[in-house]
Amino acid sequence: MAVGPVRVVEAEFLLSVADSNWPDDSVPEIAFVGRSNVGKSTLLGALCGRRGLVRVSSTPGRTQLINFFHLEIEDKQRRCVLRFVDLPGFGYAKVAKSERKKWFARVEKYLANRATLKACVLLCDGRRGAEIDETELGRFLHAREVMLIPVLAKADQLSKHERKPRALELGRALSARAMIVSATEREGVTELWQRIVAVLRSG
Ligand SMILES: Nc1nc2c(ncn2[C@@H]2O[C@H](COP(=O)(O)OP(=O)(O)O)[C@@H](O)[C@H]2O)c(=O)[nH]1
Ligand SMILES: [Mg+2]
């Protein structure tokens, strides 16, 4: 389905939760997940067109929480309300399996049970690709039939000719088409919006 340019009418921080005191489930949600420092907050800000918006979710203490943002968007077809959900980041380096389990325990309830979760945008470092954290999460989401949108993040750090092959590789590793995005250069942001809206429209 063709999607026109997306205009963000409203974007505001809603709340942070530690366990499962999520807001009411009347609104479709798009979750953002990836390693700490991969650029989740920056990408959320770029999508919303509001740079300061997401800072609140990166204040110390909140990075372990699930942060909800309320959005209202408009394309040429209609207006719609949705939420962005900024999930805690998983560890940097090749973390121990126990760390991975701890992280998963924090987000599992949400990812496994949230009825209104429509898609999960999984940011991967352009230079590292998908490692075990990402591929395990990808398998989990496929099993749950949550749409997965892999993102090759910080694409500006790769040379132009590296981007496509890396994105193809990432897509293969996660069994879904990967998008090439640079939040700081605002590359791929419009395309990502279109993919998100297509998911929302698909039911
Ligand atoms: N080169 C580059 N740097 C980025 C990009 N997005 C984020 N960053 C930088 O990466 C660092 C971590 O970003 P942040 O959004 O806080 O990551 P988060 O921990 O995943 O929320 C910050 O210094 C950002 O300025 C990008 O697209 N390109
Ligand atoms: Mg962040």
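The values are calculated or read from the model by the stated rules, or taken from the named source; none is laboratory data. If you're wondering where the values come from, they're calculated on a predicted model, not measured in any experiment. Here the Cβ is made from the backbone with ideal geometry for all residues, glycine too, and neighbour counts use every protein chain on show.
Of all residues in segment 172-203, which are part of a loop (DSSP other than H, G, I, E, B) and touching a strand residue (DSSP E or B) at 6+ places or on another chain (Cβ under 6 Å)?
Ala176, Ala178, Val181, Gly188, listed by residue number.
I need the strands (runs of 3 or more DSSP E) fully contained in segment 13-88, keeping only those with at least 3 residues that are more than 16 Å from ligand 2 (Cβ to nearest atom), at pLDDT 85 or above and in contact with a strand residue (DSSP E or B) (Cβ under 7 Å, 6 or more places away or on another chain).
Those strands (runs of 3 or more DSSP E) span 66-74, 79-86.
Quick check on segment 154-184: of everything there that is buried (at least 18 other Cβ atoms within 10 Å of the Cβ) and touching a residue at least 60 places away in the same chain (Cβ under 8 Å), which residue is farthest from ligand 2 (Cβ to nearest atom)?
Filtering segment 154-184 for residues that are buried (at least 18 other Cβ atoms within 10 Å of the Cβ) and touching a residue at least 60 places away in the same chain (Cβ under 8 Å), the one farthest from ligand 2 (Cβ to nearest atom) comes out as Val181.
Each row is one residue, and each column tells you yes or no for (1) surrounded by 19 or more Cβ atoms within 10 Å (Cβ to Cβ); (2) in contact (Cβ under 8 Å) with a residue 12 or more places away in the chain; (3) within 16 Å of ligand 1 (Cβ to nearest atom); (4) hydroxyl-bearing (Ser, Thr, Tyr).
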| residue | (1), (2), (3), (4) |
| --- | --- |
| Arg7 | no, yes, no, no |
| Leu15 | no, yes, no, no |
| Ser20 | no, yes, no, yes |
| Asp24 | no, no, no, no |
| Leu43 | yes, yes, yes, no |
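Counting only residues that are touching a Leu at 6+ places or on another chain (Cβ under 9 Å) and either over 19 Å from Ala119 (Cβ atoms) or basic (Lys, Arg) (or both), which one in segment 157-168 is farthest from ligand 1 (Cβ to nearest atom)?
Top of the filtered list is Arg166.
Looking for something in contact with a Pro (Cβ under 9 Å, 6 or more places away or on another chain), closer than 27 Å to Gln77 by Cα and of a type in the set (Lys, Arg) - is there at least one such residue anywhere in segment 177-185?
Yes.
Looking for whichever is among the acidic types (Asp, Glu) and more than 23 Å from Ile30 (Cβ to Cβ) here; the options are Glu162, Glu134. Which one fits?
Glu162
Condition first: modelled with pLDDT of 95 or more and of a type in the set (Gly, Ala, Ser). Now tell me which residues in segment 185-203 satisfy that.
Gly188
Under 6 Å by Cβ, and 6 or more places apart or on different chains, what pairs join a residue from segment 68-79 that is surrounded by fewer than 16 Cβ atoms within 10 Å (Cβ to Cβ) with one that is acidic (Asp, Glu)?
Filtered contacts from segment 68-79: Glu72/Glu10.
So, in segment 115-129, of the ones that are modelled with pLDDT under 95 and either among the hydroxyl-bearing types (Ser, Thr, Tyr) or surrounded by 15 or more Cβ atoms within 10 Å (Cβ to Cβ) (or both), which residue ends up nearest to the chain's Cα centre (by Cα)?
Ranking the qualifying residues of segment 115-129, first place goes to Asp125.
Based on this model, can you work out whether Ala105 counts as more than 23 Å from Phe68 (Cα to Cα), free of Cβ contacts under 8 Å to residues at least 24 places away in the same chain and more than 16 Å from ligand 1 (Cβ to nearest atom)?
Taking the combined requirement at face value, the residue does not satisfy it.
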